[in-house]
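Remarks on the structure that follows.
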Amino acid sequence: MAVIGWIGLGNMGGSMSANLAKAGHDVRGFDLNPAAVAAAEAAGVKPAGSIADAVNGADVVFTMLPKGQHAKAVYLGTDGVLAHADTRTLLVDSSTIDIAAAQELHDAAAAAGFRFVDAPVSGGMSGAKAGTLTFMVGGEGGAVADATTYIGPMAKNIIPTGRPPPARPPRSAIT
């Protein structure tokens, strides 16, 4: 089974990560809310003391965060996912965030050498608990296919949605 780093153990992420642990994966979860970490631990998720601890040695990292600003901080911060994960780690963001933030995460991950998929969900807290969510998974074809192998225990439906647009050149490269 896989080593999975999970960031965001709230209303959705706690149940989603628990389903992966029930499926036999080694899931290490991090959240700023100690009560969320304790609830996830009771459901089989190993608590991580930081983002770095959650992503260290992970095959895949999932994030489930409330807003784009949170996702950007978790991925792009100096103590974030891109700073601590191995570039062989597949990154999957299941937060339902704005398009601009999702594109920024795709671009930053690609520039840092990571495979990244955007995989927001539908189905609410009851679907998260039951493992019957619908995932809409976008990204490079191989990364999407790899992500679906991990998503299975959380989903009733997995819908590949295509590739994101190519990364934009940095402003300094535009003349």
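Bear in mind that the values in this text are calculations on the coordinates, not laboratory data. Owing to the predicted nature of the structure, the values given are computational and were not obtained by experimental measurement. All Cβ positions, even for glycine, are placed from backbone atoms using ideal geometry, and neighbour counts span all protein chains on display.
Just checking, how many residues over region 27-76 are within 17 Å of Gln103 (Cα to Cα) and free of Cβ contacts under 8 Å to residues at least 12 places away in the same chain? Break it down stepwise before answering.
First, pick out the residues of region 27-76 that are within 17 Å of Gln103 (Cα to Cα): 62-76.
Next, only the ones that are free of Cβ contacts under 8 Å to residues at least 12 places away in the same chain stay: 73.
The total comes to 1.
When the helices (runs of 4 or more DSSP H) confined to region 25-117 are screened for residues that are surrounded by fewer than 16 Cβ atoms within 10 Å (Cβ to Cβ), those reaching at least 3 such residues are found at 34-42, 99-111.
Condition (residue is under 26 Å from Gly141 (Cα atoms) and either within 13 Å of the chain's Cα centre (by Cα) or of a type in the set (Phe, Trp, Tyr) (or both)) applied to region 29-39: is it met by at least one residue? So that I can check it myself, show each step before the final result.
Applying the first criterion (under 26 Å from Gly141 (Cα atoms)) to region 29-39 yields none.
No.
Looking across region 11-26 at every residue that is more than 15 Å from Gly123 (Cα to Cα) and not charged (D, E, K, R), the one that is nearest to the chain's Cα centre (by Cα) is identified as Ser17.
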